[in-house]
Amino acid sequence: MVSAETHELIERARRIYEERYKAKLEATHLHAFVAIEPESGDYFLGPTLSEAAEACYAVHPDRRACILRVGHRAAVHMGGML
């Protein structure tokens, strides 16, 4: 179960993505990973989830971030069909 604090962080990051970055990033970095640090609103791109996370951690080592995949509903897909 996701804690209320984590849920809030995810919602803040998604809102920042939708309002500030979605149009720009989907036009130029489709399928890349983006880590959004919601306190600052900073974003960090990477071709992999790990690289986006590492770039964010390098600047904000004491903060949590949310990682999204540009142009996708989820950052990762765990196979199978529902």
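Name every residue in the range 7-23 that is of a type in the set (Gly, Ala, Ser) and surrounded by 12 or more Cβ atoms within 10 Å (Cβ to Cβ), in order of residue number. Break it down into steps so the answer makes sense when it comes.
Of all residues in the range 7-23, those of a type in the set (Gly, Ala, Ser) come to 13, 23.
Listed by number, the list holds a single entry, Ala13.
Considering only the range 13-58, state which residues are under 14 Å from Gly71 (Cβ atoms) and part of a strand (DSSP E or B).
Residues satisfying the conditions are Phe33, Val34, Leu45.
Yes/no per residue for (1) among the charged types (D, E, K, R); (2) crowded, with 16+ Cβ neighbours inside 10 Å; (3) farther than 25 Å from Glu5 by Cβ; (4) at pLDDT 95 or above:
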residue: Leu25; (1), (2), (3), (4): no, yes, yes, yes
residue: Val34; (1), (2), (3), (4): no, yes, no, yes
residue: Pro61; (1), (2), (3), (4): no, no, no, yes
residue: Ile67; (1), (2), (3), (4): no, yes, no, yes
residue: His72; (1), (2), (3), (4): no, no, no, no
residue: Gly80; (1), (2), (3), (4): no, no, yes, no
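Each row is one residue, and each column tells you yes or no for (1) touching a Cys at 6+ places or on another chain (Cβ under 8 Å); (2) under 14 Å from His72 (Cβ atoms); (3) without any contact (Cβ under 8 Å) to a residue 40 or more places away in the chain; (4) not basic (Lys, Arg).
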position: Ser3; (1), (2), (3), (4): no, no, yes, yes
position: Leu9; (1), (2), (3), (4): yes, no, no, yes
position: Ala23; (1), (2), (3), (4): no, no, yes, yes
position: Glu26; (1), (2), (3), (4): no, yes, no, yes
position: Ala32; (1), (2), (3), (4): no, yes, yes, yes
position: Ile36; (1), (2), (3), (4): yes, no, yes, yes
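Taking the range 36-47 on its own, how many of its residues are surrounded by fewer than 18 Cβ atoms within 10 Å (Cβ to Cβ) and either under 23 Å from His7 (Cα atoms) or touching a Lys or Arg at 6+ places or on another chain (Cβ under 7 Å) (or both)? Before the answer, list the steps.
Initial filter on the range 36-47 (surrounded by fewer than 18 Cβ atoms within 10 Å (Cβ to Cβ)): 39-42, 45, 47.
From what's left, either under 23 Å from His7 (Cα atoms) or touching a Lys or Arg at 6+ places or on another chain (Cβ under 7 Å) (or both): 39-42, 45.
So the count comes out to 5.
The values are calculated or read from the model by the stated rules, or taken from the named source; none is laboratory data. Everything quoted here is computed from the prediction, not taken from an experiment. Methodologically, a virtual Cβ is constructed for each residue, glycine included, from the backbone with ideal geometry; neighbour enumeration extends over all protein chains shown.
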